[in-house]
1. Sequence neighbours fewer than 8 away in the same chain don't count; with that in mind, list the aspartates and glutamates whose C-alpha is under 13 Å from residue C:29.
2. Would you mind checking the tilt of helix A:75-84 against the longest principal axis of the Cα atoms of chain A, expressed as 0 to 90 degrees and rounded to 10?
3. Projected area of chain C, taken from the Cα convex hull and averaged over every viewing direction, in nm²?
4. Work out the FRET efficiency for residue C:72 and residue B:118 from their Cβ-Cβ distance, taking R0 = 22 Å, and round it to the nearest 0.05.
5. How far apart, in nm, are the 7 Å Cα→Cβ label points at residue A:524 and residue B:68?
6. Based on the alpha-carbon gyration tensor of the range A:420-479 and its eigenvalue square roots a ≥ b ≥ c, which shape applies: rounded if a/c is under 1.5, prolate if not and a/b is larger than b/c, or oblate?
7. Can you compute the modelled spin-label distance between residue C:101 and residue C:45, with each label point 7 Å from Cα toward Cβ, in nm?
8. When you look at the Cβ of every residue in C:150-157, what mean number of other chain Cβ atoms sits within 10 Å?
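We did not get these values from a lab; they are worked out from the coordinates using the rules stated. Nothing here was measured: the structure is a model prediction, and the numbers come from that model. Heads up, the Cβs are rebuilt from the backbone with ideal geometry, glycines too, and the neighbour counts pull from every protein chain shown.
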Amino acid sequence: MYKHRNWGKAAISTMLVAALVLGGCGAGGDNKKSAAGGGSEVVVSKEGFPIVQEPITLKMFTRIAPVNGPFKDMPVFQDYEKMSNVKVEFIEAPTDGFQEKKNLLFASNELPDVMFRSGITPLEAVRYGAGGQLIPLEDMIEEYAPNFNKLMEQYPEIRAAITTPEGHIYSLPGIVTLGSARTDKKWINKAWLEKLNLKEPETLDELYDVLVAFRDGDPNGNGQKDELPLTARTGLPIVVAMSGSYGLDLQFGYNINIVDDKVEIWMGNEKNKELLMYLNKLYKEKLLDPEIFSQTEAQFLAKQGTGNTGMFFDQTNNNFLPIADQYVGIAPPEGPYGDRLQSQGSPVPRDPGAFAITSVNKYPEVSLRWIDYFYTDEGSTLLRFGREGEHYEIVDGIPHYKPEFSTAETQPKLTPYAGGGAPHIISEYVASYINPPQVQEAQKKLDPYMPEVRYAAPMFDEETAQKVNMLRNDIDKYYEEQSTKFIAGALSFDKWDEFQATLKKMNLEELQQIYQEAYDKMEK
Amino acid sequence: MAEKIAAKGPSDELRFDVIVYLIAAVIIIIVLYPLLFVVAASFSDPARVLNGEVWLLPKGVTLEAYNNILHNDKIWIGYRNSILYTVVGTLINIVMTLLAAYPLSRPDLPGRKGLMLIITLTMFFSGGLIPSYLLVKGLGMVDTMWALIIPGAISTYNLIVMRTYFQSSIPWELQEAAHMDGCSNWRLLLSIILPLSKPILAVMVLFYAVGHWNAFFNALIYIRSEELYPLQLVLREILMISQSAGEEGGNVGLEDKILLSESIKYAVIIVSSLPVLIMYPFVQRHFVKGVMIGSIKG
Amino acid sequence: MKNAKIHETVVVPQFRSERGNRLLRQIAKRYDLYLMLLVPIVWYLLFHYGPLYGLQIAFKNFNPGKGILGSSWVGFEHFQRFFDSYYFGRLLWNTLSINLLSLLLAFPIPIMLALLINEIRSKSYSKLLQNITYIPHFISVVVIVGILNVMLSANGPINMLIQGLGGSSVRFMESAGWFKTIFIGSNIWQNMGWQSIIYIAGLSGINPQLYEAAKMDGASRLRRIWHVSLPGIVPVIVILLILDIGQFMNIGFEKILLMQNNLNLEASDVISTFVYTTGILKGEYSYTAAIGLFNSLINLTLLLLVNRFARKTSETSLW
C-alpha cells in the first residue's frame, strides 16, 4: 500500500516541477504534467476535452449482459473516444460466470487498468484495496473528478458509503439521485380490482382478501382458476418487499433497523416470524407464486407481461409496457402493529463498486477524469441515449429515445446502462424512459412511507471486513435457507426457537455490534 | 437326476425367461420414456407442454422451436465452438494418451512401476483452482480454446485402460519378434500396435469426445469471450440460469427471450445431444471389445 | 540396434556394478520409449504436480497482491474455522452419505443389469437392451438436469401421474427429502447401461463349460448366476469398486451444483460445492483450499484402506 503513497508523492512533486517548467506556456494554464506508476508521462488537462493531447489506451474489464452488444459498437464509447483522446479496450465477460471471472482476475493478479461496471462489493474493495490491487482515489477526486466531488458534497451519504475507516476510497458507485429509480413499485392489477369491485388494499388483511379474490373470482374471465395472485423475483425479494409492513427496515443494505441510534439485526425478531408466517400463509394457499423459489428471472419477467398476474414488484413498467394501463402502483400495506414502511429501497450510491482503478494503471488521473464526465447530466445522456438526432430527441427539455431505439432489441445494444450497474448518474434529466408518469405516480404512493435516511452498506477496515464476511457467510446462508423453508412450509414454525438459537450461536450479536460501531462512527 | 431336470426344467426355465424378458422390458421403458417425452415436447406447442398435456405424443405439433434455434446465433456459435474443441481436443488426447500408454505397457521398460505410481497418484490430488488458473494464465491460454484442451490432455483413467489393453491383447512375442527384425519402437507403435488397436482407439475417441462435448465447468472458469463459449454454457443459460437480478432497464427486452427459451428448451436438448448420438453407432460395435480388455486387469 | 550400441559405449561407466550396467543398458536400449513418454511426463509434472505448491495457501492468508509465496502463514486457522463451522457436520454428512448411498445403490445395479443381459437368450433383444441403456450416458449433465427439471416440474409427467392417481403434486426439485433419491436415481438411469459394459464383457469371457457343469449338477438358473457368473466377474468388480472409492469425495460436483437450491440445500450441500460457492464466488481462497485439502485427505485415506483390504481379501488391487 505504501507503494501508492510513494507514488502519490512522486506524482505531486512531478506535477509541481512540471507546473514550474510549463507555467508560462501551458495553453489554458490548467495543463499539468503528471507522472504515474510506470513513469510514463502524459499531459492531463483538468478541464474540458480532450483529456489528453496524445491518445492513450486503457484496458477495462467489464460485465456484458445477455441483452447487450459489444461495448465498442456503442455510440457512447465511440464518440467519447474522439472527445477524450482516450481509447478504451474492453475486456468483456458475460453476466453468467462474471463473478467467477472477476475473482480469478484478482486472484491471479491479471489486472486490467480499470474495472468498469464490475460490481465490486464493499468487501472486495477493501480486500483488494488493502492488498494493493486497487488504488485509493480520495486524493485525486477533488482535482480530477470535480463532478463526482460535487455529488459527494450534495449527498454526504455517498462519501460515507465509499470511504473506508482509514479514509480510503477504492471504488466509485453508480449514483441515483432519482428517487423512483431506487425502489421497486408495488404494482397491482387495477383491471382485476375494478372487475371484482375491490379497492386498493391498505392493510395486510385487505391485501390477503384481494389476493384470495384474484385467485377465486376469475378476474380474467376465462372460467378457469389460472390467475396468479402474487409473484416476485426468485428467492427472498418477497421478504424485502413486504417487511416494511412489519416495521422491518433495510438499513446498511442488510436486515437492520435503526431505532434511537440503536442498530438491530432483526432476523431473529418476533416480527420477522410473523412476516414469514404471513408469507407462509400466502404460499400455502397458492396466493403466492408456487414457483417463487425456482423461477428464472426470465420467467418472472414473462409473468409481468402476461397480464395474468395480480401483483408483483418492480422498479419500472418497462417489462409490461404493452399492458401497462392494466396496473397501478400502491402504497405499502399497513401491518397488524400499524407499521407502514417502504423498507425496500436503495441508497443514492445505488450500484457500489461500479468503477475502480487498479495498480497497473499508468494513467489514474486520466482514468478518473474519463469517468467523471458520466457523473454529469450531459455525460449520462451520452451514455444512456447516444447521439442526439440519431438515437434520441429532446422533448420537453429532456432526452427521449427515438421509437426505433426503445425496443428490446435495439436499446440494450445502444447503451451500457441496460444490464445495470454502470458507473454514471441517474438523475431526473436522463430518466424519461424509466420514469414515465405511471412510474412517477407509483413512486408518489411510496414516498410518504420511505425511511428518513437510507444508509448504504458501510465500509469496514480490512480486518473487520474479513470478520463481517466470515460471520455473514454463515449467517446469511443459514437465514436465506431457513426463511425459504419457513415460507415454503418445509420447516415448521415450531422450530423458530431453534432458528433463533442457531443465529445466536453464529454470533449474530457480534455482527450487530460491528454494525453498531460502524453506525456510531458515521454519526459522529 | 437327468429325469428330474427334464421334468421340472423346461417350465422353470421358461418362467425364468419370462421374468428376465419382463424386467428387461421395464428397464427399456424407464430409460426411454424421458427421452421420448423430451422429443415429443420439442415438437409440441409450449403452452400445452406447460399444462401437462403432453405424455408421449406431441400435442399441437409445431416446428417453431426448431425454427427458433435455427435463428439463434448464440446456439450456433456454441455449436461451432464445441465441435472445434471436441475435434482438436480429442486428437490431442489420443496422441498424448497413446504416447504415455504404450511405453508404460512394455514389461521391459525400467522404472515403469515408479512412473505409473506418479501418474495414478494424480487421480487423487490436485493443487486447487487458483494455482491451476495461474499456470494456465502463465501459459497465455486464458480465454483461448487451449485452456479447455491442454490442461485435460490426458485422462489418467483412460490411460490406464489403454495401457491394460496393450498389455493384454497385443502379444508380447509379436513385439519382440518385430524388435528382432530391427524395428524401432516408433515404427513398432505406428505400424504394428496401432493397426491392432482399433477397438481401444474407438473407445478412447468416444470417451474423450463425449467428455469434451459435455464439459462446461472449465469454460466457465477460463473462457471470458462469449464468442468462445461452448454449447454447454449456452445451454446452461437457456435451461437453468436465472439472469442476474434486474437492475433498472437491465431487462429491457428480456421478456421475449425468456418466453423464447421456455419454448426452445426441449428442442435445444435434442439438438445438443444429436452429434454424440450420431457418432455413437459408428463406434458402438467396438465398445465391448475395447472397454472389456482395457478393464479386466485394471 | 545401432543407437543402443552407441549409448552403451558412451554411457556405461567403468565402476558400475554388473546389475547397474544391465539396467543402464536396458534403459539406453529403450531410449525412444522414454522419448515417447517425455511429453506426457512433462505434462503430468506441469499440470498435476506443478500446481501442488498452491496447497500451501490452505495454511496462509492468501493475498493475491502478494502472490501465493508472499502471503503470510497462519497455520491451521482455516482448518479450525471449518471444523468449528456450523456447516461442517452437514457438509461432511451429505458428502459421505450421498457417496455411500451411491456406492450401495448405484454400484450394484450395473452388475445386475449385466447379469440380466447375460441371461437373455435372444441376441437381438439383448443388443436392443444394451444399446438403449447406453444412450443416456452420452447426454451432458446440463441436459440431464434440464430433463429432470422438466420431468419433475409441477406440470411434468411424473406429477401428472401422481395427480391422476389421486395424489397431490410433489415439488421434487425443491425438496431436501427428495434430493438424494433424485440425484442417485438419475445417476443410475444415466450410467447403468454404460457401466454394465465391462461386466458384460467379463461375463462373456467365462468358460461355457462351467455353466454346463453347473447345469449337469442340477443348478437352477439363479444358482448358476450366483455360483458361476458372479464369481467370474469378481476381479472386475473389485477394481471398479476401488476406482469408484478413489473418486469417493468428488462424485457429481457439476450435477449437484446444477441441482442445488435453497430448499434442498439441507441435503445437497456438499464439500465440493461449498468450496466452489465460498471460494470462487466469494473469494475465500485460503479457507476453501483448506477444505479442499481436507477432502482430498479423506479421499486418499479411504482409497489406501480399501486397496489394502482388497489386496488382502481378493488378491486384486490397483497397484
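1. B:108, C:8
2. Roughly 30 degrees, rounded to the nearest 10.
3. Convex hull of Cα atoms, orientation-averaged projection: 27.4 nm².
4. So the FRET efficiency works out to roughly 0.10.
5. 5.8 nm
6. prolate
7. 4.5 nm
8. Shielding by partners across C:150-157 averages 6.
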